[in-house]
Amino acid sequence: MNYEHLLSTRIQEVKPSGIRRFFDILEEMKDAISLGIGEPDFVTPWHIRDAGIYSLEKGFTKYTANAGMAELRREIASYLDRRFDLQYDFASQIVVTVGGSEGIDLALRCLLNPGDEAIIPVPSFVCYGPLASMAGGTPVYLQLKAENEFRLTAEELKSAITPRTKLLVLPFPCNPTGGIMEREDLEAIAQVLEGTEILILSDEIYAELTYGQHHVSPANLPQLHDRTIIVNGFSKSHAMTGWRMGYVCGPREIIQQMLKLHQFGIMSAPTMSQYAAVEAMRSGDGDIEKMRDEYDGRRRYLVEGLRRIGLPCFEPRGAFYVFPDIRGTGLSSDDFCERFLMEEKVAVISGAAFGPGGEGFVRCCYATSMRDISEALTRMDNFLTNLRKKQARQG
Amino acid sequence: MSKLLQLLEEDCTLTPEQLASMAGMSVEEVKAQIKKYEDDKVILGYKAIVDWDRTEREAVTALIEVRVTPQRGDGFDRVAERIYQYDEVESVYLMSGAYDLTVIISGRTLKEVAQFVGERLSTLEDVTGTATHFILHKYKEKHLIFEKQEQQAKEWIFS
């Protein structure tokens, strides 16, 4: 069979992630220290796991409502109000999805017509572009700058808008940069969007992980509220990556169309995960604070450590990544990561994997133990010292 | 300042440099503060939690309920002091409820513990009764779990 001929043009045009080769080396290397994985190192808090187990014991194993259990949607509505001052009607404005990723996919597929452009600030998580392409739209990558702490500025946005622009993705707090958008940044964005019909897809999966200031959603601004679709979930806030629990909320007319697609593609999110999520919403605020506190300590230590050994990095104020600038080493991001792994057995992720703007940077995840962070810093120091020596000899 | 205590209570092997970054203090401030905590007896000491069952060494731990007659003026303090002076005694707590003191002691053998209770503890003049419970197995202590936890296999997912 000539499969290439049979597969859709769209899927064949989606480039495979370049990171796979790096991960293949890693899998062989059993004793590597990893600042590479992008998920909490905590196990889901026990009371949440217990609620999932209890639902199985009771035999709650059937489908739920397509949009998710009403009880869960009520809890999500109350959580969003309590923690982010966001008001959504549980019955018509919230759909429970299989992780935040499904929510992103639903939104892009429900909004993009062929030729519609989706502005995607980069470096950012890798899924937006391929999913926008698969939905028939055209991703337009917009490079954010380190000197702006990787925020999106009004000027940058203006320069990317065309008559075909349908959607702006706002991936903040940002993986991999740790950058955030504050209220005044969003107000500037609102001014640019005023009078247009451009919608916002706000990926707020790291909303609970901000340090020193509270997360502000574009939906918190009255002038952006009606054009914003929020994607959020339990993976990062409650250390629940494997439960695959997310949700979307936004204007009723859009959410109801997303529900239609979710109903055909997914039916309903896993039932036991939904029961666990109810417990997370009801009694999990303390877990969030505890984990955030822990991440915050590691964040400060890693930032200070990287600066001490000579890698400049701006202070990340969200998510759990530090994004140091490695341009001073003279290596490309890919080379830096591969050589660092081979010579010192430490994994960090090449910034180039996160889109064009990421070249010259590497992503270090601090959702790992202090011991590993400390050891990784020592080895990074070694690596840089050896590299400078080699370069001096050659130069 | 309680941030520093909280960090040390969780892991006292953190270096002053690590503690400084994590608590948002300077290294000098951390060192000075720790010294003050030690001087003020806010920090009593630093110890490793050992699972002796994984070693060759035999160890027996017992929890003893002790009833005592409180003394005029000193209440329970004097008798508690007479008990905690023994090296074998790990912990002594004053309790509410059916008995007065909880004494935790460890020895190398059952006989050693029995001897301590019979000869030293119950013969104290203010002690009116004891009940000894031997600890058969430790599951968790100071938030640390004794059993080796099975870990989920690591998968390299790009997220």
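Among A:339-345, A:280-286, sorting by the average number of other beta carbon atoms lying within 10 angstrom of each residue, highest first, gives A:280-286, A:339-345. Note on the protein assembly as shown: with charges restricted to the Cβ of Lys and Arg (+1) and Asp and Glu (-1), its dipole about the Cα centre is near 860 debye. Label positions at A:Ala91 and B:Lys31, each projected 7 Å from the Cα along the C-beta direction, are separated by 6.6 nm. Computed with a 1.4 Å probe over protein heavy atoms only, the accessible area of A:Lys145 comes to about 90 Å².
Between B:Arg82 and A:Ile53, the C-beta separation translates, for a Förster distance of 51 Å, into a calculated FRET efficiency of about 0.55. Rounded to the nearest 100, the interface formed by chains A and B buries 1800 square angstrom of accessible surface, both chains summed, with a 1.4 Å probe. Among B:Asp51, B:Asp87, the order of accessible area from largest down is B:Asp87, B:Asp51, computed with a 1.4 Å probe on protein heavy atoms.
Pairs of lysine residues in region A:46-283 that meet both criteria, 8 or more places apart or on different chains and Cα atoms under 30 Å apart, total 11. Roll a 1.4 angstrom probe over the protein heavy atoms and tell me the percent of accessible area of the protein assembly as shown that is carbon or sulfur. Roughly 50 percent of what the probe reaches on the protein assembly as shown is carbon or sulfur.
FRET efficiency for the A:Glu155 to B:Gln71 pair, using the beta carbon distance and R₀ = 60 Å, is estimated at 0.15. Gain on full extension, evaluated as 0.36 nm per residue between A:Asp226 and A:Glu194 minus their Cα-Cα distance, stands at 10.3 nm. Once a ≥ b ≥ c are taken as the square roots of the eigenvalues of the Cα gyration tensor of chain B, is the result rounded (a/c under 1.5), prolate (a/b larger than b/c) or oblate (a/b not larger than b/c)? Because a/c hits 1.5 or more and a/b fails to exceed b/c, chain B counts as oblate. Just to be sure I follow the definition: excluding the sites themselves, where is the longest run in chain B that has none of the chymotrypsin sites (Phe, Trp or Tyr not before Pro) in a DSSP loop with at most 12 other Cβ atoms within 10 Å? The reported range is B:47-138.
Grab the DSSP H runs of chain B that are 4 residues or longer, score each as -39,500 (n - 2.57), total them, divide by all residues and round the 222 nm result to the nearest 500 deg cm²/dmol. List each step's numbers first, then the result.
Numbers: 5 runs with 44 residues, N = 159.
Rounded to the nearest 500, the figure is -7500 deg cm²/dmol.
Secondary structure note: in the protein assembly as shown, about 65% of the DSSP beta bridges are antiparallel. What the Cβ-Cβ distance of B:Leu110 and B:Lys41 gives, at R0 = 45 Å and to the nearest 0.05, is a FRET efficiency of 0.85. Label-to-label distance for A:Lys390 and A:Asn148 is 3.6 nm, based on points extended 7 Å past Cα in the beta-carbon direction. Averaged per residue, the protein assembly as shown has 51 square angstrom of accessible surface, using a 1.4 angstrom probe with ligands and nucleic acids left out. If Lys and Arg each add +1 and Asp and Glu each add -1, what is the summed charge of the other residues whose beta carbon sits under 14 Å from the beta carbon of B:Gly75? So the surrounding residues net to -2. For B:Lys138, the lysines whose Cα falls under 25 Å of its own Cα, not counting residues fewer than eight places away in the same chain, are B:Lys47, B:Lys111, B:Lys148. Partner shielding of A:294-302 amounts to 4, given as the average count of beta-carbon atoms from other chains within 10 Å of each residue beta-carbon.
The values are calculated or read from the model by the stated rules, or taken from the named source; none is laboratory data. Quantities reported herein were computed from a predicted structural model and do not represent experimental measurements. As a convention, Cβ positions derive from the backbone with ideal geometry for all residues, glycine included, and neighbour counts pool all protein chains shown. Just the protein is used for accessible areas: all its heavy atoms, side chains included, with ligands, DNA and RNA removed. Shrake-Rupley method; radii C 1.70, N 1.55, O 1.52, S 1.80 Å.
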